[in-house]
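Below: one structure, written as structure tokens.
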Amino acid sequence: MKIETGQGRIPLITLLGIWSISALNALPGLAVSPILGDLTKIFPHASELDIQMLSSLPSLMIIPFVLLSGKLTERMDNIRLLQVGLVIFVLSGVLYLLADRMWQLIAISALLGIGSGLIIPLSTGLIGRFFVGRYRTRQFGLSSAITNLVLVLATMITGYLAEIEWHLPFIVYLLPIVSIVLSFQLRKALAQDIEPSPVRDTTDNGLRPHVKVNDRGLGMRHLVQVMLYYGLLTYIVVIVSLNLPFLIQERGMHSSLTGTYISLFFLAIMAPGFFLNRLIDLMGRSTQLWSLLMIVIGLGMIVVTTNEWLVGIGCVLSGAGYGIIQPIMYDRTTHIVLPHKGTMALACVMAMNYVAILVCPFVIKFFQYMMHDHSELFAFKLNTLLAALTWVAAWIYRRSALFDN
């Protein structure tokens, strides 16, 4: 079976290889989540800092190695770089299964972040390499959907495995073995010319209008805009997964709702990826305005109501709005740099995801201190306000290269 790329056809097995890499983006730190509450029992001498490092160290290590990977793609064989990252990823999974000391888990978490950081830019970089036009936009949407679908499924699986034995959730870190096998097919596909087809998509394949690149092939001003915008949006919506459990507890709502709401949130991020081109056709040039409005309304509903159904709808709206914009930003990045800089630019943008996740708690704590409001609801009020201000800015500059579809 052949898959249309907009400039020819590639084998289905090649696309499956790309999708398998996208599936790994959600895994770092995931296996630790279900056992965090039990770590003090498993390791009675572990400090609070040890536990915090175990959950945050992968994201911290991912940031520099995502950027390093993006740079290395310009100088070395991309598939070899991918295979090195995958081997490190699998090695960390094996070591997790054997570890019985807290310091070992912390060291392995750093190793996991290194391996994951090396492969993350290639999940989108290979899409930019094979696909063009609407076909590329669709694949960015599917890549985002696959990442979030795996996140939801793996969360359920690791939670179940953690009830059996605390080592078992780390089995999910062995999934890159599949990608290692498929990477040899990716190497073969890159070495061959794409099979010609009568379908050619010549729409919007080059630089966007008014984008000027520097001597390194980067539209630097536009790239910085995309990075800051994507980082801000991630910071705004990640509050749902980070702080909603505490808000539910503060409001005296049933704790079982936490898993339901978080699952709804990530499923809502996932769903638009399967229909991205249709959604863009429906909303047209105002796609981002409508998506941002969904985020504003969704977070606003969480703030103003304690009704269980309405809070759930708020989670869905905020997740869906972000789920539409995320792949659009990946696609936009490929149109503000020359083709040979695509993976490097995508690495810079994707790194902002992990920066936003790391800085979110500190930003919230800072503003809580400044405003003398230490309630869990404050974080949602602040991010709803930021989302509303972002929507206003998007409306004012709706015909700019950043916001105009």
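The values are calculated or read from the model by the stated rules, or taken from the named source; none is laboratory data. Here the structure is a predicted model, which means the values were calculated and not measured. We place every Cβ from the backbone using ideal geometry, glycine too, and count neighbours over all the protein chains shown.
A search for C-beta distances below 8 Å between a residue of the range 342-368 that is without any contact (Cβ under 8 Å) to a residue 40 or more places away in the chain and any residue that is of a type in the set (A, V, I, L, M, F, W, C), counting only pairs 6+ apart in sequence or on different chains, returns F367/F378; F367/L382; Q368/F378; Q368/A379. All conditions in (1) touching a helix residue (DSSP H, G or I) at 6+ places or on another chain (Cβ under 6 Å); (2) assigned by TED's automatic domain parsing to the domain that holds V224; (3) within 17 Å of L228 (Cβ to Cβ) hold for T334, with the sole exception of (3).
Tell me whether the range 82-97 contains one or more residues that are modelled with pLDDT under 90 and either closer than 21 Å to K341 by Cβ or surrounded by 16 or more Cβ atoms within 10 Å (Cβ to Cβ) (or both). Scanning the range 82-97, I find no residue that is modelled with pLDDT under 90 and either closer than 21 Å to K341 by Cβ or surrounded by 16 or more Cβ atoms within 10 Å (Cβ to Cβ) (or both), so the answer is no.
Cβ-Cβ distances below 7 Å connect the following pairs, each with a first residue in the range 159-174 that is outside any helix (DSSP H, G or I), a second residue that is at pLDDT below 85, and a separation of six or more residues or different chains: W166/I35; W166/D38; W166/I42.
Checking the stated criteria, R134 turns out not to satisfy the condition of being modelled with pLDDT under 95, surrounded by fewer than 17 Cβ atoms within 10 Å (Cβ to Cβ) and either part of a helix (DSSP H, G or I) or in the same structural domain as Y354 (by TED's automatic domain parsing) (or both).
Against the numbered list (1) under 21 Å from the mean Cα position of the chain (by Cα); (2) farther than 26 Å from C348 by Cα, L81 comes up short only at (2).
When L293, L282, L289, L267 are checked against the criterion of being modelled with pLDDT of 90 or more, exposed (fewer than 15 other Cβ atoms within 10 Å of the Cβ) and under 16 Å from A320 (Cα atoms), a single residue qualifies: L282. When the range 65-78 is filtered for residues that are farther than 12 Å from C348 by Cβ, surrounded by fewer than 17 Cβ atoms within 10 Å (Cβ to Cβ) and touching a helix residue (DSSP H, G or I) at 6+ places or on another chain (Cβ under 7 Å), only E74 remains. Name every residue in the range 119-158 that is under 16 Å from T5 (Cβ atoms), under 17 Å from the mean Cα position of the chain (by Cα) and among the hydroxyl-bearing types (S, T, Y), in order of residue number. T124, T137, S143, listed by residue number.
Only one residue in I328, I324, I357 is part of a helix (DSSP H, G or I), at pLDDT below 90 and closer than 22 Å to G298 by Cβ, so which one is that? Selected residue: I357, the only one of I328, I324, I357 that is part of a helix (DSSP H, G or I), at pLDDT below 90 and closer than 22 Å to G298 by Cβ. If only residues of the range 231-264 that are modelled with pLDDT under 90 and outside any helix (DSSP H, G or I) are counted, the one that is farthest from L317 (Cα to Cα) is G252. Taking the range 369-405 as the range and being free of Cβ contacts under 8 Å to residues at least 12 places away in the same chain and part of a helix (DSSP H, G or I) as the test, the residues that pass are Y369, M370, M371, L385, L389, V392, A393, I396. For the residues L338, L289, L276, L267, the requirement of being among the hydrophobic types (A, V, I, L, M, F, W, C) and more than 30 Å from R129 (Cβ to Cβ) singles out L289. Just one of (1) at pLDDT below 90; (2) within 25 Å of T14 (Cα to Cα); (3) among the charged types (D, E, K, R) fails for D100. It is (2).
Here N383 meets the list (1) more than 28 Å from L218 (Cβ to Cβ); (2) at pLDDT below 90 almost entirely, failing just condition (2).
Assess whether V178 counts as being among the hydrophobic types (A, V, I, L, M, F, W, C), within 20 Å of the chain's Cα centre (by Cα), part of a helix (DSSP H, G or I) and at pLDDT 80 or above. Considered against the rule, which asks whether it is among the hydrophobic types (A, V, I, L, M, F, W, C), within 20 Å of the chain's Cα centre (by Cα), part of a helix (DSSP H, G or I) and at pLDDT 80 or above, V178 comes out as no.
The residue that is nearest to G70 (Cα to Cα), among those in the range 349-405 that are hydroxyl-bearing (S, T, Y) and surrounded by 18 or more Cβ atoms within 10 Å (Cβ to Cβ), is Y354.
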